[in-house]
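Engineer: Could you have a look at this structure, given as structure tokens, before my questions?
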Amino acid sequence: AQKVTQAQTEISVVEKEDVTLDCVYETRDTTYYLFWYKQPPSGELVFLIRRNSFDEQNEISGRYSWNFQKSTSSFNFTITASQVVDSAVYFCALEAGTALIFGKGTTLSVSS
Amino acid sequence: DVKVTQSSRYLVKRTGEKVFLECVQDMDHENMFWYRQDPGLGLRLIYFSYDVKMKEKGDIPEGYSVSREKKERFSLILESASTNQTSMYLCASSSSRYRVTEAFFGQGTRLTVV
């Protein structure tokens, strides 16, 4: 069975702190894709990254970075020097056929 | 810009009513999806469609049906709305028939059944 687990339900940090959002997945597929989405208070999900299971290199985009470790089935997301605008619900997702399976999400609150 | 547009942002319906949620995408995408989002449960897949007139059940299809008569439009139908279908409904589309590329989401429809 395919499954995505985001164990952290809510995280609260103060601006400029670094924060890591955890994602653990289960799949029997040998080739698969993993995703992260952000859902700000406005409600619309925003795509952040898509990662192929063959590519275990870490990815960095500005203050965002992703650590993919196939050995532990994890795809963690780190925000460096967090800002109030980073406050949102973050979802990790796994490709399942032609659909996406989502974790339950982590609500990140960044206070000033 | 890719656009996925859901016909209503907020909807209030009575128990037993037939409810139509409409979704339109303008990028000629093959795949379209309906998800339901509830607090503490994340997004759960209701139905998806990979082609016109084709549909596949997701994880929670009970109480719902879908229609895809045109490639750009995917409708979610609640045959007889019940209070436990009060939720946020999200439509999405993606381009590839065989793999999931980036999925684009609409702004969501918050449905309240009273």
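The values are calculated or read from the model by the stated rules, or taken from the named source; none is laboratory data. Model, not experiment: these values are computed from the prediction. Methodologically, a virtual Cβ is constructed for each residue, glycine included, from the backbone with ideal geometry; neighbour enumeration extends over all protein chains shown. Each accessible area value is taken on the protein alone, full model and side chains, heavy atoms only, with ligands, DNA and RNA left out. Shrake-Rupley method; radii C 1.70, N 1.55, O 1.52, S 1.80 Å.
Engineer: Got a sec? Which strands (runs of 3 or more DSSP E) wholly within the range B:1-71 have at least 2 residues that are polar (S, T, N, Q) and touching a Ser or Thr at 6+ places or on another chain (Cβ under 8 Å)?
Structural biologist: The qualifying strands (runs of 3 or more DSSP E) are B:31-38.
Engineer: Just checking, does the range A:72-80 include any residue being outside any strand (DSSP E or B), more than 10 Å from every other protein chain (Cβ to nearest Cβ), open to solvent by less than 50 Å² (accessible area, probe 1.4 Å) and of a type outside the set (Lys, Arg)?
Structural biologist: Yes, the range A:72-80 contains a residue that is outside any strand (DSSP E or B), more than 10 Å from every other protein chain (Cβ to nearest Cβ), open to solvent by less than 50 Å² (accessible area, probe 1.4 Å) and of a type outside the set (Lys, Arg).
Engineer: Look through the range A:86-103, keep the residues that are open to solvent by 20 Å² or more (accessible area, probe 1.4 Å) and at pLDDT 95 or above, and return whichever of them is farthest from the other protein chains (Cβ to nearest Cβ).
Structural biologist: Looking at residues that are open to solvent by 20 Å² or more (accessible area, probe 1.4 Å) and at pLDDT 95 or above, I get A:Ser87.
Engineer: Here is a follow-up. I need the full set of residues from the range B:1-33 which are within 12 Å of the chain's Cα centre (by Cα), surrounded by fewer than 15 Cβ atoms within 10 Å (Cβ to Cβ) and within 15 Å of B:Ser65 (Cβ to Cβ), in order please.
Structural biologist: B:Phe20 - this is the single residue of the range B:1-33 that is within 12 Å of the chain's Cα centre (by Cα), surrounded by fewer than 15 Cβ atoms within 10 Å (Cβ to Cβ) and within 15 Å of B:Ser65 (Cβ to Cβ).
Engineer: Check the range B:75-90 and report whether any residue there is without any contact (Cβ under 8 Å) to a residue 12 or more places away in the chain and buried (at least 20 other Cβ atoms within 10 Å of the Cβ).
Structural biologist: no
Engineer: Kindly establish whether A:Thr78 is within 19 Å of A:Gln6 (Cβ to Cβ) and touching a residue at least 60 places away in the same chain (Cβ under 8 Å).
Structural biologist: Against the criterion (within 19 Å of A:Gln6 (Cβ to Cβ) and touching a residue at least 60 places away in the same chain (Cβ under 8 Å)), A:Thr78 qualifies.
Conditions tested, residue by residue: (1) modelled with pLDDT of 90 or more; (2) over 21 Å from A:Ser111 (Cα atoms); (3) of a type outside the set (Gly, Ala, Ser).
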| site | (1), (2), (3) |
| --- | --- |
| A:Gln6 | yes, yes, yes |
| A:Glu10 | yes, no, yes |
| A:Leu21 | yes, no, yes |
| A:Val24 | yes, yes, yes |
| A:Thr30 | no, yes, yes |
| A:Phe35 | yes, yes, yes |
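Engineer: Does A:Lys38 satisfy the criteria of being at the interface with chain B (Cβ under 10 Å from one of its Cβ atoms), under 23 Å from B:Phe33 (Cα atoms) and either free of Cβ contacts under 8 Å to residues at least 60 places away in the same chain or open to solvent by 10 Å² or more (accessible area, probe 1.4 Å) (or both)?
Structural biologist: Here the answer is no, as A:Lys38 does not meet what is asked.
Engineer: Just the residues that are within 14 Å of another protein chain (Cβ to nearest Cβ) and crowded, with 16+ Cβ neighbours inside 10 Å, please, taken from the range A:51-71.
Structural biologist: Answer for the range A:51-71, where residues must be within 14 Å of another protein chain (Cβ to nearest Cβ) and crowded, with 16+ Cβ neighbours inside 10 Å: A:Arg51, A:Ser53.
Engineer: Of the conditions (1) out of contact with any Gly (no Cβ under 6 Å at 6 or more places or on another chain); (2) without any contact (Cβ under 8 Å) to a residue 40 or more places away in the chain; (3) open to solvent by less than 60 Å² (accessible area, probe 1.4 Å), A:Gly43 satisfies every one except a single condition; which number is it?
Structural biologist: So A:Gly43 meets the others, but not (1).
Engineer: On to the next question. Of the residues B:Ser49, B:Ser87, B:Ser80, which is farther than 23 Å from A:Ile49 by Cβ, facing chain A (nearest Cβ under 10 Å) and polar (S, T, N, Q)?
Structural biologist: B:Ser49
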